[in-house]
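Below is one structure, written out as structure tokens; comments come after it.
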Amino acid sequence: MRKRTLLPDLALPALVLIAFAIGPYVYSNELMLFNFVMFLALAQGLNIVYGFTGYLPFGYVGFYGAGAYGFALAVMHLHAPPLVALAAGGAAALVLAVVLLPLLRLSGAYFAIASLAAAQAVYEVVSNPALENVTKGPYGVSLSAVFAPRFSYDVGLGVLAFAFLLVVWLRNSRFGLALQAIRDDPVSAGMAGVSVVRGRTIAWLLSALVAGLVGATFAWHISVFYPDTAFDLGVSIFATVFVLFGGATTLTGPLLGVLILYGVYNAIGITVPQYFQFIYGALIVGLVLFLPNGLVSLLTTRGIRVP
Amino acid sequence: MSPEPPLLVVEGLVKRFGGFRALDGVTFHLAPGEVLGLVGPNGSGKTTCINVISGLYPPDGGRVTYQGRAIGGIASHALARRGINRTFQSPKPFLSLSVRENVTVAATYGNAGPAPDLDALLASLELDTLADRPAGELNSAQQKTLDLARALATGPRVLLVDELAAGLNPAELGRMADRLRALAGAGMALLVVEHLMGFIDKVTDRVVVMNAGREFFEGTLATAIKDPEVIRVFLGGAPHD
Ligand SMILES: Nc1ncnc2c1ncn2[C@@H]1O[C@H](COP(=O)(O)OP(=O)(O)OP(=O)(O)O)[C@@H](O)[C@H]1O
Ligand SMILES: [Mg+2]
């Protein structure tokens with residue numbers, strides 16, 4: 001279906017990936033570039049569950065934290081090589097997502113809050129001093145044995161490519177259409193032959209997997225971190241704001257959201273935080289009031305299809 | 001009137017909401033090629049009956065049998081694939097999807113047979129000119145027609161139609177009645193819930209009249225309107241909501 005439109009859908013992520021692959025050679029602040037890559041992937045991961053099912057998990061960072069600790073535990077206790085530990089991080093997020101499947105029975109704000117509580121609960125367990133032998137508790141982990149900033153950066157690009165591909169697939173497949181049908185009206189979707197539970201479950205697991213892989217790559221890249229960083233609610237908030245600002249259900253929206261808002265954050269947020277907060281607040285209020293479906297709705301409401 | 005064995009049999013169906021029995025032992029049957037009208041005052045349980053048959057709620061008592069097998073409690077998506085579909089009293093299209101995407105989803109996931117010709121389907125329902133518009137931009141009558149298109153895209157053998165005629169102008173009403181008759185002519189079994197008696201008269205072979213969750217008359221519309229009990233329920237004394 002819609003084969004002719006697949007080229008822009010693939011060209012856009014390809015351009016972004018190439019730009020960030022060249023980035024470290026022309027720009028010295030590699031950590032900032034890595035954070036961009038991370039948020040680009042996280043925003044698409046959140047887009048999978050929010051844009052295609054309508055569920056907005058405030059506790060999305062829980063999967064990211066699970067991925068980071070899945071990676072760390074595999075390295076510390078199993079002495080796993082980084083790529084195996086990366087898979088362990090993704091698997092940890094998937095396990096958490098399976099445990100949290102019953103949350104999908106809730107809706108709207110109840111779901112959002114319950115997912116937040118779940119992320120907090122995982123944080124409490126991980127940071128518990130009694131588990132120091134397993135997780136290093138609140139004292140944080142150090143993975144200097146596998147520290148490899150360039151390699152982990154490139155793997156981060158690979159994770160981003162995976163997230164992009166998932167969203168391109170959902171944007172262009174019957175399955176993605178079925179998910180949007182469920183989001184619009186689950187009763188009608190059932191009557192159209194779509195298994196609502198199955199569709200939501202798949203989207204939820206894919207979304208968690210992306211966050212877990214991003215979290216694992218983060219753990220690898222910075223290699224020294226604390227539970228407070230891995231489960232920082234700010235990660236959820238940023239990803240959510242980026243997706244909403246750009247416009248969910250598209251590939252372009254979350255991408256623009258990250259490039260613009262995280263760009264603004266890096267340009268002025270760190271040096272003059274008071275202006276940053278003001279500009280950020282004004283941008284978000286303005287958007288909610290005038291463009292509730294995000295920047296891309298400027299085009300989509302005019303019938304123009306964006307990737 | 002129809003020599004065919006019934007495709008759908010509803011026996012003593014009960015549905016409770018809290019302590020209230022919205023369905024209180026409805027019984028009727030439906031044969032292939034037949035159009036059965038389901039009429040009754042507001043709140044008599046017509047929509048609830050469709051909701052239970054189409055798998056939206058499990059029954060609390062009684063039986064629904066389709067092709068000789070009990071289907072009570074089976075989920076909607078599984079019933080859709082087995083050939084039971086419906087429209088909704090207040091239309092429920094996928095608002096952000098285009099008209100064509102609405103029927104594409106149903107044809108892809110709800111149709112166990114060969115892929116239907118969706119362009120022809122949309123054209124037959126006068127939705128072809130709206131095919132690329134988001135369903136949210138359609139008016140209510142168009143959205144109801146889209147519900148019908150989506151149901152037909154699954155290739156149903158039993159079609160449950162809930163107040164499709166409301167909001168159509170007289171010319172559209174006539175064409176819609178012809179379409180439903182044509183579907184029955186091709187062997188589909190139709191259950192039509194409707195308040196417009198002219199429409200019921202035009203499309204149905206027989207009617208079942210319900211009140212307070214149970215049927216109390218079954219026969220042709222012509223005999224129904226002479227039945228003293230039917231007259232009493234519709235003209236006076238009946239519990240209205
Ligand atoms: N989900 C529900 N929860 C509680 N009560 C319900 C529910 N659905 C229907 N009812 C009640 O069951 C009764 C039957 O409703 P139903 O919608 O089946 O009537 P109807 O015959 O379709 O009426 P109308 O002609 O107005 O469409 C009504 O009293 C209604 O309020
Ligand atoms: Mg009704």
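Rule-based calculations on the coordinates, nothing more; no lab input. A quick note: this is a predicted structure, and the numbers were derived from the prediction, not measured. Ideal geometry is used to build each Cβ from the backbone, glycine not excepted, and the neighbour counts take in all protein chains shown.
In the range B:38-168, one over the average inverse separation of all distinct C-alpha pairs is 15.2 Å, which is the Kirkwood hydrodynamic radius. D by Stokes-Einstein for the range B:101-141, Kirkwood Rh over Cα pairs, 20 °C, 1.002 mPa s: 193 µm²/s. Using the Kirkwood radius built from alpha carbon pairs, what does the Stokes-Einstein equation give as D for the protein assembly as shown at 10 °C and 1.306 mPa s, in µm² per second? Rounded to a whole number, D works out at 61 µm²/s. If R0 is taken as 56 Å, the Cβ-Cβ distance between A:L299 and B:T65 corresponds to a FRET efficiency of 0.60.
Compactness of chain B, taken as the C-alpha radius of gyration over 2.2 N^0.38 Å, stands at 0.98. The relative contact order of chain A, computed from alpha carbon pairs under 8 Å that lie at least 6 residues apart in sequence, is 29 percent. What separates the Cα centres of the range B:196-214 and the range A:240-258 is a distance of 51 Å.
Pairwise alpha-carbon distances in the range A:1-131 exceed 20 Å for 59% of all pairs. Across A:F242, A:F71, A:F162, mean-square fluctuation computed from a Gaussian network of chain A (C-alpha pairs under 10 Å connected) peaks at A:F162. The value obtained for the range B:145-241, namely the Cα convex hull volume divided by the number of residues, is 121 Å³ per residue.
Counting only DSSP beta bridges with both residues in the protein assembly as shown, the antiparallel share comes to about 60 percent.
Taking label points 7 Å from Cα along the Cα-to-Cβ direction, A:E124 and B:K226 give a separation of 7.5 nm.
Could you line up A:T135, A:T271 from fewest to most neighbouring Cβ atoms inside 10 Å? Don't skip to the answer; put the middle values down first.
On the way: A:T135 21, A:T271 9.
Taking fewest neighbouring Cβ atoms as first place, the list is A:T271, A:T135.
When Rg and the Kirkwood Rh are both derived from Cα coordinates, the Rg/Rh ratio for the range A:5-47 amounts to 1.04.
Here B:K202 is the anchor, and the aspartates and glutamates within straight C-alpha reach of less than 15 Å, apart from those fewer than 8 places off in the same chain, are B:E34, B:E163, B:E172, B:D178, B:E194.
When A:H79, B:H29, A:H221 are arranged by Cβ crowding within 10 Å, least crowded first, meaning fewest neighbours, the order is A:H79, B:H29, A:H221. Taking only C-alpha pairs under 8 Å that are 6+ residues apart, what is the relative contact order of chain B in percent? Reported relative contact order: 27 percent. Compute the separation of the alpha-carbon centres of the range B:148-183 and the range B:72-125 and state it in Å as a whole number. Using only Cα atoms to place each centre, the spacing works out to 13 Å. Ranking A:A109, A:N133, A:V75 by how far each Cα lies toward the positive end of the dipole of chain A (charges on Cβ) leaves A:A109 at the top.
Divide, for the range B:9-78, the radius of gyration over alpha carbons by 2.2 N^0.38 Å, where N is the residue count.
1.07
Two numbers describe the Cα atoms of chain A: Rg and Dmax, which are 18.9, 58 Å.
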